[in-house]
Every structure is written in structure tokens, then in C-alpha cells.
Amino acid sequence: VGRDFGLPVDWLNTVVGAQWRFGLPAGFAQEVEWREFGPLTVGLAGRSSIIALKLFAVVDQGPESVHLQDLIALAPTSDELDQAASWVLSQDEGDQFPALVEKVKEHVRHALG
């Protein structure tokens, strides 16, 4: 698709593909919405999965990453953030990781008012 439309080589973020090996958020497969574009079938991740993956990306890459703006734009509820955080916390056993997750959650909640 990228070649056919003259897109840059990195037009599609494939980093999340590596997450298949470590585990995706609960319910990921059930939330996927399949759409057909001619002969191309595309699976779109569901809302709760995207919130969880974006939260993980912000904690992993920092608040300067585009993922923070994406997460805020999704305007997750407090319950959605807590559910996402449960999965994110399972992805890293570092001592400082839980505090980082909580800091990002607080930042998002503050940004959303």
C-alpha cells in the first residue's frame, strides 16, 4: 500500500506488532473491527485496546511523544484509564514503573479537567 501510494517507508507504525509476543490487552481480539477496502481487509483495534497501548507508549517513550496527545484526544474516562493501567503494569516489573504509570494517568486526568 505504501509503495503504491508513494508513502514513506515508515508510514505505518509496526512497533506495536512486537507486542504480540508479550501479550496484548485483554479483549483485544474481540474488539477488533474488520473493514474491507476493495481486496484489502484491515483490522482496527478497539477503543480500550488503543487507550491501553497509548498509555503504555507514553510511559515507555515519555510525555514528549505524540502518544500523550493521542491519549488525551481519546478522552478516556477514569475507569478506562484504570483498566488500561492494569494491563500496562503487567508489561514491566521495574520498581519505578508503577509510579510512572500513575504519573501519566494523573497528567491525562488533569489535562481533561
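Per-residue ellipticity at 222 nm computed for the chain from its helices equals -15500 deg cm²/dmol, with DSSP H segments shorter than 4 residues left out and the rest contributing -39,500 (n - 2.57). Residues of segment 31-57 with backbone nitrogen within less than 20 Å of a virtual label 7 Å along the Cα-to-Cβ line of Val1, please, listed as ranges. Counting only backbone N, you get 31-51, 53-54. Rolling a 1.4 Å probe over the protein heavy atoms of the chain, with every protein chain left in place, gives an accessible area that is 57 percent carbon and sulfur. Ordering 35-48, 64-77 by mean Cβ neighbour count within 10 Å, with the highest value first, yields 64-77, 35-48. Counting pairs of alpha carbon atoms under 8 Å apart in space and at least six apart in sequence, what relative contact order in percent does the chain give? RCO, the chain: 22 percent.
A Förster radius of 35 Å combined with the Cβ-Cβ distance from Val66 to Gln30 puts the calculated FRET efficiency at roughly 0.80. When peptides 21-29, 5-13, 84-92, 54-62 are sorted by average Cβ neighbour count within 10 Å, with the highest value leading, the order is 54-62, 84-92, 21-29, 5-13.
The values are calculated or read from the model by the stated rules, or taken from the named source; none is laboratory data. Since the model is a prediction, treat every value here as computed from it, not as a measurement. Positions of Cβ are generated from backbone atoms using ideal geometry, with glycine treated the same way; all protein chains shown enter the neighbour counts. In case anyone asks, the SASA skips ligands and DNA or RNA and just uses the protein heavy atoms, side chains included. Shrake-Rupley method; radii C 1.70, N 1.55, O 1.52, S 1.80 Å.
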